[in-house]
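Here the structure is laid out as structure tokens; the discussion comes afterwards.
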Amino acid sequence: MALSPHKAAFLKLLSRSESDFRTYLKVAILADGETIAKHQEPWIEACQDIGDNPRGSQKYFFVAPPGAGKSTIIGIGFTSWIIGKNPNRHIGYISYADQVARERAIPIRNLIEFSSIYHKIFPNVTPDKAAWGSSSFRVLRENLADLHPTLRAGGAMSAIVANRLAGTVI
């Protein structure tokens, strides 16, 4: 049975989402009709650079006012994408206070656990229910003895800075 053109185009977008951050945002994160703003373009390019070379020494810092999309694009979008691409890595999510960081980690955790689109893009990323909390969680990985969480969220003065992290979103 042949796929409809619409379904074929959607499957192509899903396939591209694993390696292309912009496509991932459009397919898995942004609401219908929501677009990427001009001021967000450098963020997307930086996130793509990190995704293409996750062991590089890139350091990006963006300052933008409240409501500019930092939490959605970088906090939730980039963090969930990089976990999907590199489920064996350890990521830190730091905000000014523990509670805020935890609140930002919940949508990331929910995407990984409940989003059918996320599962289609990253079919091998599965929650480790033995370590699936609101401030830190693990996905199942190759090294079952790896005790460090996939994502740990905390405030700037919390114990998160003592963890072994491959990357940090602040």
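For segment 66-143, applying the loop criterion from DSSP together with a ceiling of 15 other beta carbons within 10 Å to the chymotrypsin sites (Phe, Trp or Tyr not before Pro) yields Tyr96. Normalised per residue, the accessible area of the chain is 57 Å², obtained with a 1.4 Å probe and no contribution from ligands, DNA or RNA. Across the alpha-carbon set of segment 32-120, the Rg to Rh ratio works out to 0.94, Rh being the Kirkwood radius. Each distinct pair of alpha carbons in the chain adds a 1/r term; the inverse of their mean, the Kirkwood radius, is 16.5 Å. Two tests apply to each whole DSSP H helix in the chain, Cα reach of 15 Å or more along its axis and mean Kyte-Doolittle hydropathy of at least 0.5, and none passes both. Using a probe radius of 1.4 angstrom, the carbon and sulfur fraction of the accessible surface of the chain is 55%.
The values are calculated or read from the model by the stated rules, or taken from the named source; none is laboratory data. This one's a predicted model, so the numbers in the text were calculated from it and none came from an experiment. Note that each Cβ is placed from the backbone with ideal geometry, even for glycine, and that neighbours are counted across all protein chains shown. We work out accessible area using only protein heavy atoms, side chains counted, and drop any ligands, DNA or RNA first. Shrake-Rupley method; radii C 1.70, N 1.55, O 1.52, S 1.80 Å.
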